Amino acid sequence: MDEKESFRVGAAVRRRRRSLELTLAVVAARSGLSVPFLSQVENERARPSRASLEKVADALGTTAVELLAAADPACTVDVVRDELPTDAPRADGPSGSRVRSLVRGHQQLHATEFTGDHDTAREFQHRNDEVLYVADGAVEIEAEGRAYRLGRGDTLYLTGGVRHRWRATEPDTRVLVVAVAEHIDAVQDRRR
């Protein structure tokens, strides 16, 4: 592996393993590597040597080169700039509404900014936890049979699997939604 350019190969390994419907135990048996080590690789807590990556690739019926090509760059800092000046008209959707991603690429977190109206009839249900933050304006959120009214600066936390919908109740409302990405197996500790 080229030391000058670091890649997050773990996500590529996980995607390939899951596409083949293999367990970590099967890949461990095929590769001669341990399940804990493979888990650490997939979760970006361990970086495999070139020899280990080749063993994993063989176990997954691919090559180390293909896994590296499918890997995400290990970007520790990424700036996503607003492409339009604040005084420019925004017309990405109905009535000047706008949706923009605040995080690029295949990351562990997704963050999206909603401005103005959106499809209020649409119901959302995400696999993992998420937070809705009202940056400007106000919203009404329906979740688990209850309505919640949120104003500027308010936050609503939803655990994974909760069905919900929301609507802006003031013009120029801006909502930030930050969620654990769908491809992540979030561990839920319900011992509380």
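The values are calculated or read from the model by the stated rules, or taken from the named source; none is laboratory data. Note that this is a predicted model, so its numbers are computed, not measured. Cβ: placed from backbone, ideal geometry, glycine included. Neighbour counts: every protein chain shown. Note: accessible area is taken over every heavy atom of the protein model, side chains too, but ligands, DNA and RNA are not part of it. Shrake-Rupley method; radii C 1.70, N 1.55, O 1.52, S 1.80 Å.
The table that follows gives values for the structure above.
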{"read-out": "Residue within the range 102-110 that is outside any loop (DSSP other than H, G, I, E, B), open to solvent by 70 Å² or more (accessible area, probe 1.4 Å), closer than 21 Å to Ala168 by Cβ and modelled with pLDDT of 70 or more present", "value": "yes"}
{"read-out": "Which numbered condition Ala147 fails, given (1) modelled with pLDDT of 85 or more; (2) crowded, with 16+ Cβ neighbours inside 10 Å", "value": "(2)"}
